[in-house]
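Enquirer: Sharing a structure here in structure tokens format.
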Amino acid sequence: MTHQLKDGGQVMQVGMLARVEGEGGMHIEFKDGKVESVQLNIFEPPRFYEGFLRGRKFTEPPDITARICGICPVAYQSASTEAMETICGVTTTPEIQLMRRLLYCGEWIESHALHIFMLHAPDFLGYESVLEMAKDHADVVQMALRLKKAGNDLMTAVGGRAIHPVNVKVGGFYRMPTVAELQRLRPALEQGRDDALAAVALVATFDFPDMEQDYNYVSLRHPDWYPLERGTEVVATSGVRFPVTEIADHVKEFHVAHSNALHASFDGKPYFVGPLARYSLNFDQLSPTTQEAALKAGLGETCRNPFKSIIVRTVELAYAFEEALRIVDAWRDGHAPSVPVAPVAGEGIGASEAPRGLIWHRYRIDADGVIEDAQIVPPTSQNQASIEADLRKAAEQWIDLDDHMLTHRCEEAIRNYDPCISCATHFLDLRVKRS
Amino acid sequence: MVEHAHTHEHPHDAAVATDPTPPDARPKLAVWKFASCDGCQLSILNCEDELLQIAESIHIAYFPEATRAIVAGPYDLSLVEGSITTPEDVKRIHEIRAQSGTVVTIGACATAGGIQALRNWADVDEFRSIVYAHPEYLSTLDTSTPIASHIDVDYELRGCPVDKTQLVEVLAAFLNGRKPRIPTYSVCVECKLKGNVCVPVATGTPCLGPVTQAGCGALCPSYGRGCYGCFGPQDSANTEAMTRQLAELGMSNADIVRVYRTFNAGSPEFAAASDQAAAASSTGGPS
């Protein structure tokens, strides 16, 4: 995998980064025993969502933008509905908000279970895939499949189907699920909560590479609960905090040659979104049970080791099950599924916490509800600079490993982010150079 | 699942050489991705109850979303997700055809070009500059086209996303050397089977069910909303009558253009119906 460069440098490369959503690559160059340059290459072909959303109706983004990502469609549906309701000056009911949170719990469960066990755990346990892992750890894989299925079943009950739910619209839902439908999920949700709490202890026993970074974490914040389907404020480790509506004033996107996904900066600097950021900025909003599980697993109230993101993700998995149970148990039939939303000319922002981190949408619509401008900022594109910083640090820290091991370690450094390259754009091709 | 009895015959079977590495009687599966959301290949991993059994019957030889392990081709079965949108991908899909016994395309992107086929009616240069500050960094075609526009495809599985039960049926059919049992009738049939109230009749809600292929289980009408055509046109779609009915239910020509131009916009039937509605519109296109 190592190639000599004409100038004496070396490049190490891998065809494609595996076990991430979407496809992309990595390029690291070494010279004189030092890391010369690091690039996360995203050459997934662009699909131009922001282009063709122009001219569409304001009611369409929940269905259309869901198709940006098959793994986190609800993140897109939540951000787009909130943006449109903000523009049109509509506030939905508390019940609609609760049902959105419940649907979002389903997405967190499905997505986190997928990443923790099927994409990430094989790195720690030394397997190429979950299928190989199943031969030696059948019980763990059975549990993983059970957890994932519980999330998909929850999404199906609330959204109609697990991928690209059909029940979400601007203003709420087409139909509210009934108490009977939700109660049928209860046994699987209870089992899921218990499994997830046990899984926190399990993943905490993995061997974690020792690496910490001084990230500027950014996440949503809500006064009443841990942020999922929405927040009231954006908060950062740097101490900055502001209402969600002002996010476009702080985040700037820019285009670099080696990526089809736009990079982003927060107040002019790289930043980090995702489970580590949410956890470190909202530990106080977790439930007592999940706080205790996290502390027992050896996490502090903040966590700066990106390899430990698997523990944080598992804590969030348990939290999502608890939240789902809370909402299911409190649910009563008879609530209106939606509120009417008439178009009002204007511009607005909607934001939510996708499984992989903060996502926000900005739209401008005219008085007939036709979209004039759209901007969609998914988590992975915001994280590109942090991913590159981690790659650099990992390559420097483990430069003495052989090519095979170093390549693997660098892949892991990318997988820590649960990158969704389909969202960001996509295509990952992994290359490492050294001399 | 039935034990492997692969008797499928295909002109490309000549390319299916024996695997030099450990003898493995199972047919080799590869999963490929082009421009798409990953949702259809995720449907494979979403078969929680069947996944381990599938992996016993089929050797998952290339599936980057699921495994780092890469087993070289040729492959007995290639599942292809996504549409063709770059010059490089045109080349890649031909390479995949050459090393695959059977090619099955999965989902609306692969079978109709996906939502990104909206570029087929637009100025892609303008799209580039709306989204990207440096359009010159991008390599992209002016169109998004289905896989079958470029290579011979053995079977197309519809849906945005595909239905996982239908996906398992396609795999089972492949293993048994038979045709998949996938209905091509309309969503209306599924509504009748389910006992759904007809949403356009009962509530005047526009619904693409009459022209859309079944497969989702009449999902949207079950939630009180009109079908929006995820599974593409049914085998004898009468789009003229459909368009008339949408207009009677109060949709403008611009609305009608939009409703045909979503995830299966590039299917010949929906593309033609949208073009007719656009021509009929006084503005000559979607507003």
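Enquirer: Return the residue satisfying two criteria in turn: it lies in the range B:110-145 and is modelled with pLDDT of 80 or more, facing chain A (nearest Cβ under 9 Å) and touching a strand residue (DSSP E or B) at 6+ places or on another chain (Cβ under 8 Å), and of such residues it is farthest from A:D63 (Cα to Cα).
Expert: Taking the candidates together, the pick is B:L141.
Enquirer: In addition: Would you call B:Y132 more than 21 Å from the chain's Cα centre (by Cα) and not assigned by TED's automatic domain parsing to the domain that holds B:V211?
Expert: yes
Enquirer: Kindly indicate whether any position in the range A:76-87 is away from every other protein chain (no Cβ under 12 Å), closer than 14 Å to A:N152 by Cβ and surrounded by 24 or more Cβ atoms within 10 Å (Cβ to Cβ).
Expert: Within the range A:76-87 (the criterion being away from every other protein chain (no Cβ under 12 Å), closer than 14 Å to A:N152 by Cβ and surrounded by 24 or more Cβ atoms within 10 Å (Cβ to Cβ)), the answer is no, since none of the residues qualifies.
Enquirer: A further question follows. Looking at (1) assigned to a loop (DSSP other than H, G, I, E, B); (2) of a type outside the set (S, T, Y); (3) closer than 30 Å to A:W398 by Cβ; (4) in contact with a helix residue (DSSP H, G or I) (Cβ under 6 Å, 6 or more places away or on another chain), can you tell me which one A:Q213 breaks?
Expert: (4)
Enquirer: Go through the range A:135-165 residue by residue and tally those that are part of a loop (DSSP other than H, G, I, E, B) and free of Cβ contacts under 8 Å to residues at least 40 places away in the same chain.
Expert: 3
Enquirer: Kindly provide the set of residues from the range A:278-289 that are within 21 Å of A:P306 (Cβ to Cβ) and free of Cβ contacts under 8 Å to residues at least 40 places away in the same chain, ordered by number.
Expert: Within the range A:278-289, A:Y279, A:F283 meet the criteria.
Enquirer: Would you confirm, using the coordinates I've provided, whether B:S139 is hydroxyl-bearing (S, T, Y) and either within 29 Å of B:D255 (Cα to Cα) or surrounded by 19 or more Cβ atoms within 10 Å (Cβ to Cβ) (or both)?
Expert: When the stated conditions are applied, B:S139 does not pass them.
Enquirer: Quick check on this structure: which one of B:A55, B:A25 is at pLDDT 85 or above and in contact with a helix residue (DSSP H, G or I) (Cβ under 6 Å, 6 or more places away or on another chain)?
Expert: B:A55
Enquirer: Considering only residues that are away from chain A (no Cβ under 12 Å), over 17 Å from B:L118 (Cβ atoms) and among the charged types (D, E, K, R), which ones fall in the range B:222-273?
Expert: The answer is B:D235, B:E240, B:R244, B:E248.
Enquirer: Continuing with this model, one more query. For the range A:238-302, give me every one of the helices (runs of 4 or more DSSP H) that falls completely inside it and has 3 or more residues that are under 12 Å from A:E316 (Cβ atoms) and in contact with a helix residue (DSSP H, G or I) (Cβ under 6 Å, 6 or more places away or on another chain).
Expert: It comes to A:275-282, A:288-296.
Enquirer: Any chance you could count how many residues in the range A:226-263 are without any contact (Cβ under 8 Å) to a residue 40 or more places away in the chain and of a type outside the set (S, T, N, Q)?
Expert: Matching residues across the range A:226-263 total 14.
Enquirer: Ok, one more. Looking only at the range A:312-330, decide whether some residue is assigned to a loop (DSSP other than H, G, I, E, B) and without any contact (Cβ under 8 Å) to a residue 60 or more places away in the chain.
Expert: No - not one qualifying residue is present in the range A:312-330.
Enquirer: Limited to the range A:22-48, what total is found for residues that are more than 7 Å from chain B (Cβ to nearest Cβ) and either free of Cβ contacts under 8 Å to residues at least 40 places away in the same chain or more than 16 Å from A:T380 (Cα to Cα) (or both)?
Expert: So the count comes out to 12.
The values are calculated or read from the model by the stated rules, or taken from the named source; none is laboratory data. Remember, predicted model here, so these are calculated numbers, not experimental data. FYI the Cβ positions are ideal-geometry reconstructions off the backbone, even for glycines, and counts take in every protein chain you see.
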